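The values are calculated or read from the model by the stated rules, or taken from the named source; none is laboratory data. These numbers were taken from a predicted model, which means no experiment stands behind them. Neighbour counts are summed over all protein chains in view; Cβ atoms, including those assigned to glycine, are modelled from backbone coordinates with ideal geometry.
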Amino acid sequence: MTNTSRQQFRFSHRLRVRWAEVDMQKIVFNAHYLMYFDTAMADYWRALALPYEATFAALQGDLYVKKASVEFHASARVDDQLDVTLQCTRIGSSSIVFTGSIFRGEEHLVSCELIYVFADPATQSSRPVPASLRDVLLGYEAGQEMQDIALGDWPTLAEGARWVRHEVFVQEQRIPIAMEQDEADADAVHVLIRNRLGLPVATGRLLQPTPGMGQIGRLAVNRVLRGSNLGRAALQALLAAAAQRGDREVMLHAQSSAQGFYAAQGFVPRGKPFAEAGIPHIEMVRALT
């Protein structure tokens with residue numbers, strides 16, 4: 001397997017070797033390589049837009065490691081930047097096989113095979129892999145989109161959008177539900193992103209406070225899926241809707257922790273910071289062409 005190429009894997013997770021993971025020769029302890037693959041596996045599910053706990057609760061099962069085998073080709077050292085790749089290579093009746101590799105640049109250091117069994121969490125007895133999960137895994141490896149983006153009005157998208165917003169704003173950020181919900185939803189354009197299992201994972205809305213001016217708000221992404229471009233996809237859908245109806249500018253009230261995210265999408269700060277629902281915010285704007 002030493003001729004394995006990084007390009008054959010669609011999924012890649014990057015990490016840097018820390019001092020605590022190496023021995024006196026500054027070579028990574030062998031056991032840490034399985035930890036690297038396990039960490040990458042968590043990111044693999046995020047790439048599929050599947051929040052692990054909610055996904056397997058909906059599927060009424062869980063995945064259990066049946067076998068993990070590692071083949072060593074060369075050693076990683078402290079401060080190396082590594083790419084951990086994974087690929088779903090086979091789905092049996094109740095088992096799922098992942099093949100992984102670790103690269104330093106183009107140098108292939110480690111190979112791994114992980115075999116999981118889908119099972120009943122209560123009895124831990126194996127069950128057939130659900131067809132919906134099989135479809136997601138095969139679709140991802142075939143390069144298909146992992147989410148469905150819908151634009152619409154509140155009656156059409158309220159159920160899913162309300163679920164995501166309640167999870168993020170009310171439960172996570174402790175914003176009173178009376179402040180999170182308002183009458184503006186009825187007149188807004190909403191975006192809702194669902195994953196391939198139909199679970200809502202991101203949402204947002206677009207208002208028009210004055211002609212030619214759009215206002216984006218209530219942008220929310222499932223906590224464990226942040227950083228997987230779902231927020232960017234929702235934002236871009238709303239920007240496209242604003243441009244289509246002729247808005248010349250879009251503004252939003254960005255939480256201070258998200259200012260960098262919006263700046264990367266072309267928004268610039270305007271005015272001074274302020275508090276909204278007890279959370280620091282700043283107004284940001286972006287011109288539309």
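Tell me yes or no: at least one residue of segment 164-183 is assigned by TED's automatic domain parsing to the domain that holds Arg14 and among the aromatic types (Phe, Trp, Tyr).
Our first condition is that a residue be assigned by TED's automatic domain parsing to the domain that holds Arg14; within segment 164-183, this holds for none.
Checking segment 164-183: not a single residue is assigned by TED's automatic domain parsing to the domain that holds Arg14 and among the aromatic types (Phe, Trp, Tyr).
Give the residues of segment 59-99 that are β-branched (Val, Ile, Thr), surrounded by 16 or more Cβ atoms within 10 Å (Cβ to Cβ) and over 22 Å from Ala142 (Cα atoms), sorted by residue number.
Val70, Val78, listed by residue number.
Determine the pairs where a residue that is closer than 14 Å to Phe56 by Cβ, located within segment 128-150, has a partner that is of a type in the set (Phe, Trp, Tyr) and at pLDDT 95 or above with Cβ atoms under 7 Å apart, the partner being 6 or more residues away or on another chain.
Val129/Phe118
Take segment 100-118 and flag every residue that is surrounded by 18 or more Cβ atoms within 10 Å (Cβ to Cβ) and either within 16 Å of Tyr64 (Cα to Cα) or not assigned by TED's automatic domain parsing to the domain that holds Asp43 (or both). Step through it out loud before you land on a result.
First pass over segment 100-118, keeping only residues surrounded by 18 or more Cβ atoms within 10 Å (Cβ to Cβ): 100-103, 108-112, 114, 116-118.
Scanning segment 100-118 gives Leu114, Tyr116, Val117, Phe118.
Which residue pairs have Cβ atoms under 9 Å apart, sit 6 or more places apart or on different chains, and have a first residue in segment 8-31 that is of a type in the set (Gly, Ala, Ser) and a second that is part of a strand (DSSP E or B)?
These pairs meet every condition: Ser12/Asp83; Ser12/Val84; Ser12/Thr85; Ser12/Leu86; Ser12/Phe103.
Just wondering, is there one or more residues in segment 37-44 that are assigned by TED's automatic domain parsing to the domain that holds Arg18 and in contact with a Lys or Arg (Cβ under 7 Å, 6 or more places away or on another chain)? Full working, then the answer.
Applying the first criterion (assigned by TED's automatic domain parsing to the domain that holds Arg18) to segment 37-44 yields 37-44.
In the following step, the residues that additionally are in contact with a Lys or Arg (Cβ under 7 Å, 6 or more places away or on another chain) were identified as none.
No, segment 37-44 contains no residue that is assigned by TED's automatic domain parsing to the domain that holds Arg18 and in contact with a Lys or Arg (Cβ under 7 Å, 6 or more places away or on another chain).
Check off (1) in the same structural domain as Leu219 (by TED's automatic domain parsing); (2) of a type outside the set (S, T, N, Q); (3) in contact (Cβ under 8 Å) with a residue 24 or more places away in the chain for Asp187 and give me the number that stays unchecked.
Failed condition: (3).
Please state which one of Ala184, Ala202, Ala233 is surrounded by fewer than 23 Cβ atoms within 10 Å (Cβ to Cβ), closer than 18 Å to Ile149 by Cα, at pLDDT 95 or above and not β-branched (Val, Ile, Thr). Before the answer, list the steps.
On the way: Ala184 fails: closer than 18 Å to Ile149 by Cα; Ala202 fails: surrounded by fewer than 23 Cβ atoms within 10 Å (Cβ to Cβ).
When all the criteria are applied, what remains is Ala233.
Would segment 240-256 turn up any residue that is part of a loop (DSSP other than H, G, I, E, B), more than 26 Å from Asp148 (Cβ to Cβ) and touching a residue at least 24 places away in the same chain (Cβ under 8 Å)? Working first, answer last.
Just the residues of segment 240-256 that are part of a loop (DSSP other than H, G, I, E, B), to begin with: 245-248.
With more than 26 Å from Asp148 (Cβ to Cβ) added as a condition, the list becomes 246, 248.
Those left that are additionally touching a residue at least 24 places away in the same chain (Cβ under 8 Å): 246, 248.
The answer is yes; a qualifying residue exists.
Identify the single condition in (1) surrounded by fewer than 18 Cβ atoms within 10 Å (Cβ to Cβ); (2) in contact (Cβ under 8 Å) with a residue 60 or more places away in the chain that His166 does not satisfy, given that it satisfies every other one.
(2)
Out of all the residues in segment 262-282, is one or more crowded, with 18+ Cβ neighbours inside 10 Å and part of a helix (DSSP H, G or I)?
yes
What is the number of the single condition among (1) touching a helix residue (DSSP H, G or I) at 6+ places or on another chain (Cβ under 7 Å); (2) surrounded by fewer than 16 Cβ atoms within 10 Å (Cβ to Cβ) that Glu145 does not meet?
The one condition Glu145 does not meet is (1).
Across segment 12-26, which residue is farthest from Ser132 (Cα to Cα) among those that are modelled with pLDDT of 95 or more and among the hydrophobic types (A, V, I, L, M, F, W, C)?
Val17
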